[in-house]
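Asks: So that we are looking at the same thing, I have put the structure below in structure tokens.
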Amino acid sequence: MIRYTPLTAEEPENRTQMKNILLIIFFLSSALQGFAEDGSRLWLRADTKAHATVAANKKSPSIDIAIAELQTQWQGGKVNLMIQKGIAGQARNDNHEGYTITSNTQKEITIKSPSEKGLLYGAYHLLRLQATNKLAYPLNIQESPKYNLRILNHWDNLNGTVERGYAGHSIWRWDELPEVVSPRYKEYARANASIGINATVLNNVNASPLILKPEMLAKVKIIADILRPYGIKVFLSVNFSSPTVIGGLATSDPLDKAVRQWWKDKANEIYKIIPDFGGFLVKANSEGQPGPQDFGRTHAEGANMLADALKPHNGIVMWRAFVYNPTNDDRAKQAYMEFVPLDGQFHDNVIIQVKNGPIDFQPREPFSPLFGAMKQTKVMAELQITQEYLGHSNHLAFLAPMWQEFLESDTYANGKSSFVANTIMAIAGVANIGDDTNWTGSHLAQANWYAFGRLAWNPQLTSENIADEWIRQTFSQDDAFVEPVKDMMLNSWETVINYMMPLGLHHIFAVGHHYGPEPWGVIPGGRPDWQPWYFHNVDTVGVGFDRTKSGSDAISQYYSPLKEELYNIHTCPDKWLLWFHHTPWNYTMKSGRSLWDELCYKYDLGVQQVRDFQKIWDKQENQVDAERFQHIQSRLKIQARDAVWWKDACLLYFQTFSRQPIPYDIERPVNDLDELKQIKLKISNYENAKR
Ligand code: BDP
């Protein structure tokens, strides 16, 4: 019933060979027919036959890239690239990445920036305006990024698998480096630079200590050299036990002198070959990873030790707050409980990296109460671009609206209005990139990579704007195509929520792969906060997690007046109702329906919405190349089937508790609960990836 077979680590060699042969045949035949519409060009599809005149007042590798991009794509008059120290207000920022673009006429355009990188960004900006038909003269643009650090996190393992990756294997071919250098590295750098991403963590947060071995660092250096002219700094995830595992020390205690020296030496070794190395990302004392608490030390002591080693080189530590220790307390509360008492203890080159929600990248979460809670600590947000909990690369879920909802959430920190976007100083996104030809497993998922970069540059851009830009560059300028497809994209996230986990339900996924529904799931011997029941708490009275005072009181971690709004079941927004309240089946919702009926309607709505996506897409057949048309069409079919699967599974299961009929005016279930319970998908990317 479910046709889903992602690539696994154990892809047999003969299959790989076969794939290569097929690829060669495919490329030969497409070379004869013209360019294959395989998605490999991402949103960078402009004609490259222009012969623009471009002048620059400085020469450098980054400026050379800007010149080459403009020369080959810019259809207008002359472009001047000028490094200039004091430039206009809006374009100033600490990182000097801002720029201005001015012109009087189409005949001559000037891009100014204090930095080479800024000129490169300016060049991509100008080309984007051209590619989206948005050039309006005279130009008077001032831009600078909201955050200095806009970073991708790759959860890529050294063996080529990608944890929670749904686009094939890792793009980093460690086994071939440093001798063989994939052309993809440069294409990757270019795509990121075009949307303002300026940093990347190459390896998984579940980090192998081997990444810090000299032979691996030599490979990392090659990648760093390729990314540098595109303005991208390389970072690495490190394993806290590295001093013991690869250094041969007896301990990895952060207060041990030899351990501290080991990290200092390691930092010196790295900076000798990668002088602009960014620093470390660390997952410590989380899901079995080693950390300072193994030695009775705090997260602050652990982070500071690494920060001290990096400090002389201007490196930083991004220390993750994704911790939940096996206590009896609500998992949603634990990161806050662990980190808030440490506020003020972190050195100034440590940033605490906090996932957007308090649990774990669920289809929809309220923002984590850690945002705004640490007054003397730098905090950054971690978003997930890869769709671990949103249908992998099978389902369409355009995530800009989700990230926007998050960034625009008011924390009310310090008793006044204070949006999440203003409580953070950087943004990380867990990449959805792999070695699939189309990079992200599905064509439409490219939009999430794009949206991440654009929002990290300017969180005030609207989702609509971003979708519009992306569609125009990637597919077509024709409004008859742009408008309906944009509509579909903008509704897609909420649609997934509707058929998976409406009204604040969360983590009722099948255990392990997080793809299908398993609200009944039980992991024998597993910890309670890995069991779906822990999160939905269904019984004959109602459903939902009681996070009020009568329950875990996680709500107390939020500021007033949000706190009061959430405590009160009548003012708690519907979208978070079952996140915060164990709600009776007969509770009257804002719509006037009972909770049970509302739940049924939401699931049904989700199914109908995917059906509508199919209609919208099928109508576009003549507007799109056959290759991408069919690919997307086939994904939407999977999504439509999966939506029904989700709806039937959840409603039939919850119905055994609500004991009420599914309203008769909605689609009847087409599956039996007992059959659905038998489904066991064999997708364990996770198992393969975790070593
Ligand atoms: C969870 C993923 C797991 C990651 C973990 C993390 O299921 O694979 O290792 O987050 O962020 O969402 O560390």
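Asks: How do the pairs read when you match residues in region 158-173 that are closer than 19 Å to ILE222 by Cα with residues anywhere that are within 13 Å of the ligand (Cβ to nearest atom) and of a type in the set (Asp, Glu), using Cβ under 7 Å and keeping only pairs 6 or more apart or on different chains?
Replies: SER170/ASP156; TRP172/ASP156
Asks: Consider ARG184 against the criteria (1) within 16 Å of the ligand (Cβ to nearest atom); (2) charged (D, E, K, R); (3) under 23 Å from ILE273 (Cβ atoms): it satisfies all of them except one. Which criterion is unmet?
Replies: The single condition ARG184 does not satisfy is (1).
Asks: Another one. Given region 556-674, what helices (runs of 4 or more DSSP H) lie entirely inside it while holding 3 or more residues that are of a type in the set (A, V, I, L, M, F, W, C)?
Replies: The qualifying helices (runs of 4 or more DSSP H) are 577-580, 595-618, 626-658.
Asks: Under 9 Å between Cβ atoms, which residue pairs at least 6 apart in sequence (or on different chains) link something in region 263-292 that is over 20 Å from ASN206 (Cα atoms) with a partner that is acidic (Asp, Glu) and outside any loop (DSSP other than H, G, I, E, B)?
Replies: Final answer for the pair search is LYS264/ASP308; ILE274/ASP225.
Asks: Name the single residue that is farthest from the ligand (Cβ to nearest atom) among those in region 427-480 being of a type in the set (Ser, Thr, Tyr) and not in a helix (DSSP H, G or I).
Replies: SER476
For (1) within 16 Å of the ligand (Cβ to nearest atom); (2) farther than 21 Å from ILE433 by Cα, each residue gets a yes or a no:
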| position | (1), (2) |
| --- | --- |
| ASN204 | yes, no |
| SER208 | yes, no |
| PRO214 | no, yes |
| ASP225 | no, no |
| PHE240 | yes, yes |
| VAL245 | no, yes |
| PHE295 | no, yes |
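Asks: Consider ALA191 against the criteria (1) open to solvent by 10 Å² or more (accessible area, probe 1.4 Å); (2) aliphatic (A, V, I, L, M); (3) under 17 Å from the mean Cα position of the chain (by Cα): it satisfies all of them except one. Which criterion is unmet?
Replies: The failed condition is (1).
Asks: Taking interchain pairs and intrachain pairs at least six residues apart, which have beta carbon atoms under 9 angstrom, with the first residue in region 621-639 and farther than 18 Å from GLN473 by Cα and the second of a type in the set (Lys, Arg)?
Replies: ILE638/ARG3
Asks: Would you mind stating whether GLY391 is at pLDDT 95 or above and either under 30 Å from LYS637 (Cα atoms) or outside the structural domain of LEU444 (by TED's automatic domain parsing) (or both)?
Replies: yes
Asks: Take ILE523 and tell me if it is outside any helix (DSSP H, G or I), hydrophobic (A, V, I, L, M, F, W, C) and assigned by TED's automatic domain parsing to the domain that holds ILE666.
Replies: Yes, satisfied.
Asks: Which condition breaks for TYR147 when tested against (1) open to solvent by less than 30 Å² (accessible area, probe 1.4 Å); (2) in contact with a helix residue (DSSP H, G or I) (Cβ under 9 Å, 6 or more places away or on another chain); (3) part of a strand (DSSP E or B)?
Replies: If we test TYR147 against (1) open to solvent by less than 30 Å² (accessible area, probe 1.4 Å); (2) in contact with a helix residue (DSSP H, G or I) (Cβ under 9 Å, 6 or more places away or on another chain); (3) part of a strand (DSSP E or B), just (3) comes out false.
Asks: Filter region 274-293 for residues that are open to solvent by 10 Å² or more (accessible area, probe 1.4 Å), away from the ligand (no atom under 16 Å from the Cβ) and in contact with a Lys or Arg (Cβ under 7 Å, 6 or more places away or on another chain) and give the result.
Replies: Within region 274-293, just ASP276 meets the criteria.
Asks: Is it the case, given these coordinates, that THR53 is surrounded by fewer than 16 Cβ atoms within 10 Å (Cβ to Cβ) and at pLDDT below 95?
Replies: no
Asks: Among (1) assigned to a loop (DSSP other than H, G, I, E, B); (2) away from the ligand (no atom under 15 Å from the Cβ); (3) farther than 18 Å from TYR450 by Cα, which single condition is ALA167 missing?
Replies: Single failed check for ALA167: (3).
The values are calculated or read from the model by the stated rules, or taken from the named source; none is laboratory data. Treat the numbers as computed from the prediction; the structure is a model and nothing was measured. Methodologically, a virtual Cβ is constructed for each residue, glycine included, from the backbone with ideal geometry; neighbour enumeration extends over all protein chains shown. To get the accessible areas, we keep the full protein, side chains included, count just its heavy atoms, and leave off ligands, DNA and RNA. Shrake-Rupley method; radii C 1.70, N 1.55, O 1.52, S 1.80 Å.
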